[in-house]
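To start, the structure itself, in structure tokens.
The values are calculated or read from the model by the stated rules, or taken from the named source; none is laboratory data. Owing to the predicted nature of the structure, the values given are computational and were not obtained by experimental measurement. All Cβ positions, glycine included, derive from the backbone under ideal geometry; neighbour counts span all protein chains shown. Remember, those area values only see protein heavy atoms, side chains included, never the ligands or the DNA or RNA. Shrake-Rupley method; radii C 1.70, N 1.55, O 1.52, S 1.80 Å.
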Amino acid sequence: MFAAVALLPYVRATAAEYRASSYVFGTMVEITVVDRDAVRAQEAVGRVFREFDRMHRELHAWQPGKLVALNRAIASGEKNIPTTKEIAALIRQTQRLAGQSQDLFNPAIGKLVGLWSFHRDKPGGPLPDPEEIARLIRANPRMSDLRVQGDAVTSANPAVQLDFGGYAKGYALDRAADILREKRIENALVNVGGNIMALGRREGRPWRVGLESPRGKGVLATIELADGEAIGTSGDYRRYFEIDGKRYSHIIDPRSGYPVPGVQSVTVLVRKQAGAGALSDAASKPIFIEGTDGWKEAAARMGVSCAMLVDTDGVVHVTRELSARMHVSDPARIAVQ
């Protein structure tokens with residue numbers, strides 16, 4: 001797989017280091033805190049995991065919860081649908097990002113995601129009916145179809161079905177950072193299935209993470225993260241299935257309605273700013289969808305200068321800005337652009 005992994009000693013903990021892990025959002029979450037007060041560190045991490053559990057329940061795209069209830073009301077044509085303050089805020093945030101991406105980042109295509117079986121715990125065949133795909137493409141669900149007034153939502157398009165799967169892990173990084181700072185934790189690393197947020201430093205040095213190969217062939221590069229920086233990764237290995245030797249991943253091009261070919265993974269690095277985690281997660285999607293022809297332009301539209309794309313031949317395309325910060329293991333695979 002291709003993911004960011006913390007390069008830490010194998011020792012579980014020192015007097016100043018506390019580590020914990022849990023399975024949330026369908027992936028492994030790992031948190032490392034460097035703090036002399038072990039009780040404070042443990043309490044802060046516990047608070048983060050409780051928040052992640054809540055988010056997983058309330059923002060789940062296909063299990064009963066607040067988001068599913070909203071989607072059902074949209075499909076039935078209801079107006080001024082009451083929802084939570086959090087979901088209303090998420091719609092506003094993702095509307096802005098969708099506009100930046102020219103609708104390639106599109107959380108409104110939940111019906112397409114479900115049609116491809118990615119609203120199941122274990123995705124797989126049979127392949128969807130091309131006519132059904134074409135029907136949804138003609139319906140053209142977009143985030144701009146939604147109007148939010150206070151905590152009430154109205155959709156101009158009943159084909160809209162919200163799925164924040166391309167945003168939730170990054171949003172979780174931002175929530176974790178907020179909680180840890182509130183608990184007076186200054187130095188920590190949060191890893192949500194390869195999406196990473198760094199706080200402070202580790203023993204006086206920047207946090208260092210490794211970027212693994214998409215096909216599990218070692219570490220492509222290492223990189224140091226400054227305080228508040230986030231890494232987001234999208235890959236065709238995260239949720240996928242294969243039929244007749246062809247891989248179908250969960251990253252769907254909203255223009256065609258089909259999973260994106262030609263790309264194994266995309267990683268972006270976002271410097272410290274409000275919502276850095278969410279941006280790192282969202283920005284990787286349009287870059288992935290544009291592929292080798294338009295990936296740099298997609299990154300620029302999202303305000304990202306540090307980006308990397310691995311194509312199906314294993315060639316690593318990387319921006320000069322990110323290349324300058326990477327320590328690569330095999331320079332022959334790297335194409336700086």
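Rounded to two decimals, what ratio of Rg to Rh does region 177-336 give with C-alpha atoms and a Kirkwood Rh?
My calculation of the ratio gives 0.98.
Can I get the semi-axes of the chain's equivalent ellipsoid? Compute them from the C-alpha gyration tensor as square roots of 5 times the eigenvalues, in angstrom, largest first.
Each semi-axis is √(5λ); the values are 32, 25, 17 Å.
Roughly how many Å² is the accessible area per residue of the chain, as a whole number, for a 1.4 Å probe?
Computed with neighbouring chains in place, this is 44 Å² per residue.
Counting DSSP beta bridges with both partners in the chain, what percentage is antiparallel, nearest 5?
That works out to approximately 95 percent antiparallel.
Calculate the radius of gyration of the Cα atoms of region 200-289 to one decimal place, then report Dmax, the largest Cα-Cα distance, as a whole number, both in Å.
That works out to 15.4, 51 Å for Rg and Dmax.
All other residues with a Cβ under 9 Å from the Cβ of residue 84 taken together, and with Lys, Arg as +1 and Asp, Glu as -1, what is their net charge?
Spelling it out: positives minus negatives among the neighbours equals -1.
Sorting check: for 206-216, 116-126, 18-28, which peptide has the highest mean count of neighbouring beta carbons within 10 Å, and how do the rest follow?
Result, highest mean Cβ count within 10 Å first: 206-216, 18-28, 116-126.
Given the peptides 301-307, 269-275, 286-292, arrange them by the average over their residues of other C-beta atoms within 10 Å, most packed first.
286-292, 301-307, 269-275
Can you order the peptides 81-88, 193-200 by their average number of other Cβ atoms within 10 Å per residue, highest first?
Highest mean packing first, the order is 193-200, 81-88.
Which one of 306, 213, 28 has its Cα pushed farthest toward the positive end of the charge dipole of the chain, where Lys and Arg give +1 and Asp and Glu give -1 at the Cβ?
So the residue we want is 28.
Based solely on C-alpha atoms, express the radius of gyration and the Dmax of region 72-147 in angstrom.
For region 72-147, the Cα-based Rg and Dmax read 14.0, 38 Å.
Could you check how much of the accessible area of the chain is carbon and sulfur, as a whole percent, using a 1.4 Å probe?
Answer for the chain is 49 percent, counting heavy atoms of protein chains only.
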